[in-house]
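Here is the structure we will look at.
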Amino acid sequence: MNCKRIQKLLMTDYSDGEISAGLRRIIERHLSICKECKQFEQAVRKTTIEPFKKAQEIKPADYVWAQIKETIIKEKSHQPEGMFVNLRGFLHRIFYIPKPAFVLATAIVVILAAIIVTRLPFENQKMVNGYLGEQMAFFAYLDTNELDYYDDEDYVGLGTSIEEYLF
Amino acid sequence: MQDIPKDIITKASEGNMGAFEEIYKVASGFVYSVALRITNNPDDAQEVTQDVFIIIYKNLKKFRFRSSFKTWLYRVTVNTAINSYKKISKEMNRRDNYDIAVERQCASRTTEVALERKDNERVVASLLNILNPEQRVCIILREIEGLSYKEISEVLKININTVRSRLKRAREALLAYGKRGVVKNEL
């Protein structure tokens, strides 16, 4: 790993403890042999990290809470009170469904509806089945020789001269 | 900032002012400190603190514990403070005003400790002052609040690589500032 890459890591992941143990070992080995990177690491620590470690929490002035409380109470007094406000909150609590759960529930309902619609036997289906049955019976009938008009035994001619010519 | 128990948050969401005051006591120091470090002005920081707690109070009913309360509070604080900083341009007076806030805080302490603390805060303020608001927030959350990259990305709703690059640029700026000898003299 070159010095540029090492110095980039020194300014981010290495200094912030966001690095794997393996990579940390590689960097530490490099720092032990590279004077320039070692100096860079010290500068980063001294200038960009250590000064902030001494920073302490600063409390707001006491009157800030009094002002917040006053604002809340004032706003509360302007809000509409009564049964419907409470009812709205009550209904919201009962019927509240988190977004992902709502999406999942909707998807399940749509899938179930699609399955039901495609599987239900309808009147049209009966008509189609009846027609297909009739057609199949007709073709089966054709397959037999029952309609062979040219069978000598069954053929009854009309007695015309043209029939004699043809058959 | 220490964790706030879930039952306190629930009670506060039901309008219990006592429970909300408990939240304020735990979180106000954090909210004010972050606001002060971003705005660099005690009056703006107090206004931000007030706005943050009113926003929190109004929206507690909608809070469903899907994310941590802490992350939500960080997000509201940072957004409100940045908006305030961008809106109000009092750049010339910020440094002096920051000192006033620290002085107020140190007034009741012993002189030596107070002076040391004032010096530390002055260094922190001068370093943060050279950064842009986005870099400043990343440095505050990482260095002062101790958040991980993942936590910062959740608070600011940006990806981890953006957090990394903002921290890198912020530290480059701080290093350049340090090289000019300013930090050396102040430390």
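Cα-Cα pairs above 17 Å in segment B:1-90: how many percent? In whole percent, the share of Cα-Cα pairs in segment B:1-90 beyond 17 Å is 45.
At a 10 Å Cβ-Cβ cut-off, how would you order A:F139, A:F52, fewest neighbours first? Mind showing how you got there, number by number?
Values: A:F139 9, A:F52 21.
Final ranking by Cβ density, sparse to dense: A:F139, A:F52.
For segment B:12-56, the normalised intensity computed at q = 0.18, 0.23 Å⁻¹ comes to -0.51, -0.74 (log10 of I(q)/I(0), Debye sum over alpha carbons, equal scatterers, no solvent).
Per residue of segment A:102-112, what does 6.51 cos²θ - 1.76 cosθ + 1.60 with θ = phi - 60° give for ³J(HN,Hα)? Whole Hz please, x for Gly and Pro, Karplus curve as stated. Per residue, the Karplus-derived 3J(HN,Hα) values read 5, 5, 5, 4, 4, 4, 5, 4, 5, 5, 4 Hz.
Taking θ as phi - 60° and the Karplus parameters 6.51, -1.76 and 1.60, the scalar couplings of segment B:114-119 work out to 4, 5, 4, 5, 4, 4 Hz in sequence order, x denoting glycine and proline.
Might you report the magnitude of the Cβ-based charge dipole of segment A:1-77 about its Cα centre, with Lys and Arg at +1 and Asp and Glu at -1, to the nearest 20 debye?
Values: 16 positive and 11 negative charges, 67 e Å.
In debye, rounded to 20, segment A:1-77 gives about 320.
Note on A:61-72: average number of Cβ atoms from other chains within 10 Å of each residue's Cβ is 5. Backbone phi angles across segment B:78-84, fed through the Karplus curve with coefficients 6.51, -1.76 and 1.60 (θ = phi - 60°), yield HN-Hα couplings of 4, 5, 5, 5, 5, 4, 5 Hz in residue order; Gly and Pro are listed as x. Do any of A:K4/B:K157; A:K4/B:K118; B:K25/B:K58; B:K58/B:K118; B:K6/B:K168 go past 27 Å between their Cα atoms, and which? In this structure, A:K4/B:K157; A:K4/B:K118; B:K58/B:K118; B:K6/B:K168 exceed 27 Å between Cα atoms. Toward the positive end of the charge dipole of segment A:3-53, with +1 on the Cβ of Lys and Arg and -1 on the Cβ of Asp and Glu, the farthest Cα among A:S32, A:T12, A:T47 is that of A:S32. Would you please state the base-10 log of I(q)/I(0) at q = 0.14, 0.31 1/Å for segment A:3-53, with intensities from the Debye formula using one equal scatterer on every alpha carbon? For the requested q values the scattering log ratios are -0.31, -1.29. Simple spin-label estimate for B:I88 and A:V128 gives 7.3 nm between the two label positions (7 Å along the Cα-to-Cβ direction from each Cα). Think of segment B:1-66 as a dipole: +1 on every Lys or Arg Cβ, -1 on every Asp or Glu Cβ, centred on the Cα centre; then among B:G18, B:T39, B:F65, B:F65 lies furthest on the positive end.
All of the numbers you see were taken from the coordinates with simple rules; none came from a lab. All figures in this text were calculated on a predicted structure; none of them were measured in a lab. Neighbour counts run over all protein chains shown; Cβ positions are idealised from the backbone, glycine included.
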